[in-house]
Amino acid sequence: MTTPAVLPLIGLPCQNDRSAQYDGTPVYAQSVTYAQAIVAAGGVPFMIPLNLPRPSLRRLYDLTAGILLAGGGDIDPTVYGARIHATLGDVQPDRDRDELEITRWAVADRRPLLGICRGIQVIAVATGGSLIQDIPSEVSDAVLHTKPKAAEPRRPDSAIYHAISLTPSSRLAEIVEAGTMTVNSFHHQAIRTVPSPFEIVGRSSDGVVEAIEHCDHPFLIGVQWHPELMTGKHESAVRIFRAFVQACHGLPPLKRSQHAWAAPSANRQVTQ
């Protein structure tokens, strides 16, 4: 298949950088690993700043061929009608507002969108779903999904890894060409419910949701792990970004076909 000459622009919403300030002013930033993964797959990333007027945000969105929602802090639970849990982490209302808006636009416009970690949770909340605010206290016999806060700082080479199972007939299983895979894990929250026409297509052994996809969209997939940190050693991560960028090119999506390892469809709610 020949790659189109015009490389697709892929919007990457920023977050507030809590680690530093530039001459005393706030910093909008995003991890370089997302941009590198997009470039390696044949796309052109550009940052979307926070707190733009709605017409300006829409103008930037309209320039994109696709959207990547990155990882980061927690979503304000009041957005999805929940009480604040004691373990709630960094919340950025301006980021919540912009990413939820962009996600709803992408759903309505059938624009390719890939959600990573926090991004999969944004997809669920934007479309009427809800979240588990703290896996250790809300999921019985949960596997370890993130290191304790007292542990060493998060680094790609010190991640927790665990296995997940994919729905065999899912687009994601077709992309990675596998029914099971090993993923990295940096999260203490996860999807609780996601509305139709989304489907849960990946879970860890404790039932925690690890992947979702829209059943009637050219490419709208959310993954709870960080494939951008795995592209150097894991072909599955490369395949995810390649499929996303191909969708941004406007190439036909992979068909949802049955595989030899077919199994019943995943439920839409975590069994507690």
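With the cut-off at 1.5 for a/c, could you classify the range 9-248 from its C-alpha gyration tensor as rounded, prolate or oblate? Rounded shape, in that the Cα axes give a/c under 1.5. Annotation: amide H-H contacts under 5 Å for Ser185 (H modelled 1.01 Å from N, sequence separation of 5 or more, or interchain): Ile160. Remark on Gly72: its backbone amide H falls under 5 Å from those of Arg118, a criterion applied only to residues 5 or more positions apart or on other chains, H modelled at 1.01 Å from N.
Which value at 222 nm does the chain reach when only helices count, each DSSP H run of 4 or more adding -39,500 (n - 2.57), with the total divided by all residues and rounded to the nearest 500 deg cm²/dmol?
-7500 deg cm²/dmol
Give me the net charge of Gly71's neighbourhood, meaning all other residues with Cβ under 9 Å from the Cβ of Gly71; Lys, Arg count +1, Asp, Glu -1.
Charge balance in the 9 Å sphere: 0.
Here the 3J(HN,Hα) profile of the range 189-198, calculated from phi with Karplus coefficients 6.51, -1.76 and 1.60 at θ = phi - 60°, is 10, 7, 5, 9, 9, 9, x, 5, x, 6 Hz, Gly and Pro shown as x.
Working from label points 7 Å from Cα in the Cα-to-Cβ sense, the Arg18 to Gln36 distance is 2.4 nm. Look at the Cα gyration tensor of the range 1-134: its axes a ≥ b ≥ c give a/c of at least 1.5 with a/b over b/c, and that counts as prolate.
Which order do peptides 187-200, 90-103 fall in by mean Cβ count within 10 Å, highest first?
Taking the mean over residues of other Cβ atoms within 10 Å, the ranking is 187-200, 90-103.
Computed from the coordinates by the stated procedures, all read-outs in this text should not be read as laboratory data. Small disclaimer: the values here were computed from a predicted structure and weren't measured. Every residue, glycine among them, receives a Cβ derived from its backbone with ideal geometry; neighbour counts consider all protein chains shown.
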